[in-house]
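Asker: Okay, here's the structure, questions in a sec.
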Amino acid sequence: MTETRFSLALDQDLLSLPEGDVAVLNAAGDMDFGFADTSRLHLTQSFYPDHQSLSSRGFNVSVDATAPVAASLVMCHRSKPATFDLIARALSQTATGGIVAIEGAKTDGAESVLKAVRARFDGVETYSKAHGKLFWFARPETLPDLSDWIANPITVDGGFTTYPGVFSSDGIDKGSALLAQHLPDFKGPVADLGAGWGYLARKILSSEGVTSLDLVEADHHALEAAKLNINDPRAAFHWGDVTYHVGSNYAAVVSNPPFHLGRKPAPELGKMFIRRAADMLMPKGQFWMVANRNLPYEQTLNERFGQVDTIAQTAGFKVICARRPLTISQSTRAKR
C-alpha cells in the first residue's frame, strides 16, 4: 500500500481528522486508507483499473458522486484543470469548518496549485515530504467564486467534445491522426481499444461495412465525451480496459495504446494491448495500431501474429498492421 502525506501529517499531529465521513477524490487503487474506518470513507475514481482495485478492497467508490462529509482529501490529477475541478467539488461537499486537504507531487504541479489555493483561502497550512506537498485549510462558511475552477467541456477541431484531464484533451493527437489516414475500409465487427473521446471511432464508422464497433476506454470522462462525439447505433461504449474486456471474434481491432501510467513510462501496456488484440480477433482478423517510433513492440507483434507490416512512419510515429493472429500455443510452437 502507498502511504500518503495526509496519513503522515495525521500521525505527527500536524492536523486532526474531525468526526464524520471523509471523502477522498481521485483515490489511487493502492492507497493506504488506515487513517479512517472503511465505513466513513467515500472514494471517487474515474480510471477503471484503480476503481476496480478500490472496489475489490471493499471500499465505497464511485466515479464522481458527492456526499456530505466532514473532511475531504484531494489527490492531485496530472492535469491542473482537473485538479482544480476536484478541489471545487471537495469544497462543495465538505461541511463548514471541515478540513479540505490537497496532496500531490511536484510533477503534478502541487506548488502552483498551492499558490492558487492561498490566493483564495486563508489559513492554509503545508507539509512537505518526498518531493511533494500536502496543504489544508478549514472550509469557510461562504465560498469565493470558483466558477473558473469547474471543468467545462472543451470543443476541439472537427467539432469533437473533450474534458480536462483526458488524453489529448486540447486536440487530436498526432499518432491518432496518422493512424486515421491509413485505416482501410472495414467490414464486420470492430473494436477500438483505448478509444479515448472517439476520434478514431468516428473514422472507423465511416466504413459502411462495419456492423458494430465496441469502444473500450478506461477513463470514464473520456468515454462520456465519446458518447457525445459518436452518434451511431453501431457503436457500443464499454468502461473498462484490455484486462477486463471479454469481447471476441472481431474482424478488426484498432488501437492507439497508452504507454504511460500517470507520468511513468509503461511500455508493457502497449504489449498487453497487442496480446489482447490477438486473442480477440477472428482467424483472418487485422490489428491496426500506432505507436511512438522508438517503442519496441515488434517482438511482441511477431510472437502473436503471422504477418506484421509497417504501413507508415514519421519522425515520431509508426503505423503497423498485424494479420493472422496466433494463439498462445501456436506462438509457443513457432519459437521451438
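Asker: So for region 1-59, Kirkwood radius off the Cα pairs, Stokes-Einstein at 4 °C and 1.567 mPa s: how many µm² s⁻¹?
Answerer: Diffusion coefficient, whole number: 108 µm²/s.
Asker: On to the next question. Using the C-alpha atoms of region 54-166, what convex hull volume per residue, in cubic angstrom, is computed?
Answerer: 134 Å³
Asker: So, one more: Excluding residues on the same chain fewer than 8 positions from LYS133, give the aspartates and glutamates whose Cα lies under 18 Å from its Cα.
Answerer: Partners within reach: GLU3, ASP11, ASP13, ASP32, GLU103, ASP108, GLU111, ASP122, GLU125.
Asker: I need the GluC sites (Glu not before Pro) found in region 173-243, filtered to DSSP loop residues with at most 14 other beta carbons within 10 Å of theirs.
Answerer: Filter output for region 173-243: GLU208.
Asker: At q = 0.11, 0.13, 0.15 Å⁻¹, what base-10 log of I(q)/I(0) does the Debye formula yield for region 185-276 when every alpha carbon is treated as an equal point scatterer in vacuo?
Answerer: For the requested q values the scattering log ratios are -0.28, -0.40, -0.53.
Asker: For the charge dipole of the chain, defined by +1 on Lys and Arg C-beta atoms and -1 on Asp and Glu C-beta atoms about the Cα centroid, which residue among ILE172, HIS220, TRP239 has the Cα displaced farthest towards the positive pole?
Answerer: The residue sitting farthest along the positive end of the dipole is ILE172.
Asker: Quote the charge dipole size of the chain about the Cα centre in Debye, to the nearest 20; the model charges only the Cβ of Lys and Arg (+1) and of Asp and Glu (-1).
Answerer: 1520 debye
Asker: For region 110-204, count the residues as N, evaluate 2.2 N^0.38 Å, and divide the Cα radius of gyration by that value, please.
Answerer: That works out to 1.66 for region 110-204.
Asker: Can you tell me, using C-alpha contacts under 8 Å and at least 6 residues apart, the relative contact order of the chain as a whole percent?
Answerer: Normalised by residue count, the contact order of the chain is 11 percent.
Asker: Can you tell me what percent of all Cα-Cα pairs in region 115-268 are more than 22 Å apart?
Answerer: Of all Cα-Cα pairs in region 115-268, 52 percent lie more than 22 Å apart.
Asker: So for region 231-318, what percent of the C-alpha to C-alpha distances run longer than 16 Å?
Answerer: Within region 231-318, distances greater than 16 Å cover 57 percent of Cα pairs.
Asker: Something else: Assuming a viscosity of 1.002 mPa s and a temperature of 20 °C, what translational diffusion coefficient in µm² per second does Stokes-Einstein assign to region 58-123, Rh being the Kirkwood radius over Cα pairs?
Answerer: 171 µm²/s
Asker: In addition: On alpha carbon coordinates alone, what is the Rg over Rh value for the chain, Rh being the Kirkwood radius?
Answerer: With Rh from the inverse mean 1/r over Cα pairs, Rg/Rh is 1.03.
Asker: Along the three principal axes, how long is region 169-234 when you take its alpha carbons, biggest first, rounded to the nearest angstrom?
Answerer: Ordered largest first, region 169-234 gives principal extents of 30, 25, 17 Å.
Asker: Quickly estimate the mean residue ellipticity at 222 nm for the chain, helices only: each DSSP H run with n ≥ 4 gives -39500 (n - 2.57), and the total goes over all residues, rounded to 500.
Answerer: -8000 deg cm²/dmol
Since every read-out is calculated from the coordinates, none of them should be taken as a lab result. This structure is a prediction, so every number in the text was calculated from the model and none was measured. All Cβ positions, glycine included, derive from the backbone under ideal geometry; neighbour counts span all protein chains shown.
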